[in-house]
Amino acid sequence: MQTEYTVRPIGVVHSSIQEPGDDCWGGVAATIELDANQFGPEATQGLEAYSHAEIVFLLDRIGPESIVTGARHPRNRPDWPKVGVFAQRTKNRPNRIGITVCRMERVDGLNIRVRELDAIDGTPVLDVKPYLTGFAPKGEVREPAWAKELMAGYFQLKK
């Protein structure tokens with residue numbers, strides 16, 4: 001098994017959210033600015049035909065000392081079960097990689113405007129992929145009650 005890979009950011013997130021947080025993503029608009037040193041405007045050609053995109057990004061503000069490799073209570077809530085890092089979507093992941101499906105608003109050259117990307121301002125973007133329903137789960141999706149409770153307010157609009 002190879003022990004290390006190197007990835008290079010392809011762009012950066014511009015967002016009004018400046019600090020990592022939970023339940024603050026409802027309605028948040030962000031722009032992904034792709035690196036003009038790596039790409040020309042043809043790199044996004046056809047992307048506007050999709051309603052959603054999967055954004056892969058680096059949770060670069062999470063320090064190595066915060067990484068979780070075992071089990072813990074999600075959000076440190078003892079009323080939720082203790083589950084392993086791979087049974088939750090904590091930002092304190094071993095490789096600090098985040099993936100979110102976002103609604104696309106517009107594509108303007110190397111700028112991609114999205115809604116509800118849970119990445120803060122300045123976050124390095126590793127990849128952008130159009131969301132295809134063919135890659136959506138087949139059959140019924142199952143998840144524990146605590147996970148539904150956790151996500152209930154994650155993308156709600158703030159009042």
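The values are calculated or read from the model by the stated rules, or taken from the named source; none is laboratory data. What you see is a predicted model; the values in this text were computed from it and never measured. Ideal geometry is used to build each Cβ from the backbone, glycine not excepted, and the neighbour counts take in all protein chains shown.
Output the number of residues of the stretch 73-91 satisfying the condition of being in a loop (DSSP other than H, G, I, E, B) and surrounded by 11 or more Cβ atoms within 10 Å (Cβ to Cβ). Step through it out loud before you land on a result.
Our first condition is that a residue be in a loop (DSSP other than H, G, I, E, B); within the stretch 73-91, this holds for 73, 77-82, 88-91.
Remaining after also requiring surrounded by 11 or more Cβ atoms within 10 Å (Cβ to Cβ): 73, 77, 80-82, 88-91.
Number satisfying all stated conditions: 9.
Assess whether T100 counts as being outside any strand (DSSP E or B) and of a type in the set (S, T, N, Q).
Details: outside any strand (DSSP E or B): no; of a type in the set (S, T, N, Q): yes.
No: the conditions fail for T100.
Taking strands (runs of 3 or more DSSP E) that fall entirely within the stretch 1-64, which contain at least 3 residues that are under 29 Å from G134 (Cβ atoms)?
Values: elements: 11-15, 29-34, 52-58.
It comes to 29-34, 52-58.
Could you count how many residues in the stretch 92-112 are surrounded by 18 or more Cβ atoms within 10 Å (Cβ to Cβ) and more than 15 Å from the chain's Cα centre (by Cα)?
Selection size over the stretch 92-112: 2.
If I filter the stretch 50-72 down to residues being small (G, A, S) and in contact (Cβ under 8 Å) with a residue 12 or more places away in the chain, which single residue comes out as surrounded by the fewest Cβ atoms within 10 Å (Cβ to Cβ)?
Our first condition is that a residue be small (G, A, S); within the stretch 50-72, this holds for 51, 53, 63, 66, 70-71.
With in contact (Cβ under 8 Å) with a residue 12 or more places away in the chain added as a condition, the list becomes 51, 53, 66, 70-71.
Numbers: S51: 11, A53: 21, S66: 13, G70: 7, A71: 13.
Checked the stretch 50-72; the qualifying residue surrounded by the fewest Cβ atoms within 10 Å (Cβ to Cβ) is G70.
When you scan the stretch 40-47, do you find a residue that is modelled with pLDDT of 95 or more and among the acidic types (D, E), even just one?
For the stretch 40-47, residues modelled with pLDDT of 95 or more and among the acidic types (D, E): present.
Kindly indicate whether A43 is more than 14 Å from the chain's Cα centre (by Cα), closer than 26 Å to E105 by Cα and of a type in the set (A, V, I, L, M, F, W, C). Even if it seems obvious, please write down each step before you answer.
On the way: more than 14 Å from the chain's Cα centre (by Cα): yes; closer than 26 Å to E105 by Cα: yes; of a type in the set (A, V, I, L, M, F, W, C): yes.
So A43 fits the description; yes.
Have a look at T100, T44 and point out the one that is touching a strand residue (DSSP E or B) at 6+ places or on another chain (Cβ under 7 Å) and over 30 Å from E149 (Cβ atoms). Steps first, please.
Details: T100 fails: over 30 Å from E149 (Cβ atoms).
On inspection, the qualifying residue turns out to be T44.
Cβ-Cβ distance below 7 Å, separation of 6 or more or different chains: which pairs start in the stretch 131-147 with a residue that is touching a residue at least 24 places away in the same chain (Cβ under 8 Å) and end on one that is in a helix (DSSP H, G or I)?
W146/P74
Any residue that is assigned by TED's automatic domain parsing to the domain that holds S16, at pLDDT 95 or above, under 24 Å from Y5 (Cα atoms) and not in a loop (DSSP other than H, G, I, E, B) - is there at least one of those in the stretch 105-124?
The answer is yes, given that some residue of the stretch 105-124 is assigned by TED's automatic domain parsing to the domain that holds S16, at pLDDT 95 or above, under 24 Å from Y5 (Cα atoms) and not in a loop (DSSP other than H, G, I, E, B).
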